[in-house]
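To start, the structure under review is shown below, and the notes come after it.
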Amino acid sequence: MEKTVVLITGCSSGIGLGLAVRLASDASRRFKGTARGLGGIAISKLGARSLLVYATMRNLAKKERLLECVRGCHASTLEILQLDVTDPLSLAAAAQQVQEQRVDVLVCNAGVGLMGPLETCSFQAMKTIFDVNVFGTIGTIQAFLPGMKRRKAGKIIISSSVGALQGIPFNAVYCASKFAVEGLCESLAVILQQFNVHVTLIECGPVNTSFLANLQRTDAEGSALQGLDPQTRALYSQYLQHCQSLFRDVAQDTEEVLQVFLEAICAPCPPLRSFTTQFFMPLTRLKLTSPDGSEYVRAMHKFVFSAGKAQGDQAEGQVRREAAPVLP
């Protein structure tokens, strides 16, 4: 029986690792390279064909955590490949190692973050963000899209972010890269309707993974800030406190986010955008209900920089109050 082939990038940690473990541990062996049961997702939604998933990562030295998570019991369902999305030769080599010579579901999960005042972001750091988040995503899609178009079938699922839909203070370069991917995917989705290829952006908020710990950031006490004006330094310090509180109080568990990915994988016709959380929706809607952007800028500034505001339920109430004048 022909298998449905799933390939996931960025599987050394976080969402990519979790998704790979989730699918590889599927008792029915319908997924190769994924994890422990399908939660609330009905296996019948996947159709009669079994699945095979390839988990990829840039540095194979980090594969031990993935292997430990599946406890070595799923050699028949898990294939790990080296893939650096910024290297065309690596992309070509990984594509050649897919024994079925096709990918039916492509999950573009590899990504990196960059946080800090724009003045402190080096050219190399900014280039890395775009190389991975934008050009890496484009290159990965380019590698597997022609086959999907020939077969008139396929799904492209992108790990996106609330930072792809709204500008977040001190994340200017990261948001710019994610905004670019949104434009890329929205443009592709219009064309790919003709080919029965579906593009889905999974819009994630804060998630309890290692992403925040691993992202490049300007040290609040470091020398890079010394040349900045005192007001920007103070605002950045305030933002870091806000960020820590937000992750502490409203970050989602990986398992909750994985359900949204699984729904997109299983759906016959998944939507262009799927949201893992509704927490930031009032701010996102402001961009549509107040197109000149002024309401959004004011609301985001208050949300981040209003001193003494707790996060969690109190923060959610704050977001809604600030958005209320222009929300229906």
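One residue is enough: does segment 153-160 have a residue meeting the conditions part of a helix (DSSP H, G or I), modelled with pLDDT of 95 or more, surrounded by fewer than 19 Cβ atoms within 10 Å (Cβ to Cβ) and more than 15 Å from the chain's Cα centre (by Cα)?
no
Contact list please: Cβ distance under 6 Å, first residue in segment 166-181 and closer than 18 Å to Thr140 by Cβ, second residue crowded, with 20+ Cβ neighbours inside 10 Å, pairs at least six apart or on different chains.
Close Cβ pairs (under 6 Å, with a partner that is crowded, with 20+ Cβ neighbours inside 10 Å) amount to Ser177/Ile129; Ser177/Asn133; Lys178/Ser161; Lys178/Gly163; Lys178/Ala164; Val181/Thr137.
Pull up segment 37-51, narrow it to residues that are open to solvent by less than 70 Å² (accessible area, probe 1.4 Å) and of a type in the set (A, V, I, L, M, F, W, C), then point me to the one that is modelled with the lowest pLDDT.
Across segment 37-51, the extreme among qualifying residues is Ile43.
Just for segment 52-106: of the residues that are of a type in the set (Gly, Ala, Ser) and assigned to a helix (DSSP H, G or I), which one is surrounded by the most Cβ atoms within 10 Å (Cβ to Cβ)?
Ala94
Determine which single condition Tyr174 fails, assuming it passes every other condition in (1) part of a helix (DSSP H, G or I); (2) over 26 Å from Phe123 (Cβ atoms); (3) open to solvent by less than 40 Å² (accessible area, probe 1.4 Å); (4) of a type outside the set (S, T, N, Q).
(2)
Mind counting the residues in segment 244-302 that are in contact (Cβ under 8 Å) with a residue 40 or more places away in the chain, surrounded by 14 or more Cβ atoms within 10 Å (Cβ to Cβ) and in a helix (DSSP H, G or I)?
Final tally of qualifying residues: 24.
Is it true that Thr232 is in a helix (DSSP H, G or I), of a type outside the set (A, V, I, L, M) and at pLDDT 90 or above?
yes
Please specify each residue of segment 115-127 satisfying the condition of being without any contact (Cβ under 8 Å) to a residue 60 or more places away in the chain and among the hydroxyl-bearing types (Ser, Thr, Tyr).
Selection gives Ser122 alone.
Against the conditions (1) exposed (fewer than 15 other Cβ atoms within 10 Å of the Cβ); (2) at pLDDT below 95; (3) closer than 22 Å to Ser161 by Cβ; (4) of a type outside the set (Lys, Arg), where does Glu221 fall short? Just the number, please.
Here Glu221 meets the rest and fails (3).
State which residue is nearest to Cys243 (Cα to Cα) when the search covers only segment 128-141 and only residues that are open to solvent by 40 Å² or more (accessible area, probe 1.4 Å) and touching a helix residue (DSSP H, G or I) at 6+ places or on another chain (Cβ under 8 Å).
Phe130
Which of the residues spanning segment 107-127 are of a type in the set (S, T, N, Q) and crowded, with 18+ Cβ neighbours inside 10 Å?
Asn109, Thr120
Would it be correct to say that Lys149 is part of a helix (DSSP H, G or I), among the basic types (Lys, Arg), at pLDDT 95 or above and closer than 30 Å to Lys3 by Cβ?
yes
The values are calculated or read from the model by the stated rules, or taken from the named source; none is laboratory data. Just so you know, these numbers come straight off a predicted model, no measurement behind them. Heads up, the Cβs are rebuilt from the backbone with ideal geometry, glycines too, and the neighbour counts pull from every protein chain shown. SASA here: full protein model, heavy atoms, side chains in, ligands and nucleic acids out. Shrake-Rupley method; radii C 1.70, N 1.55, O 1.52, S 1.80 Å.
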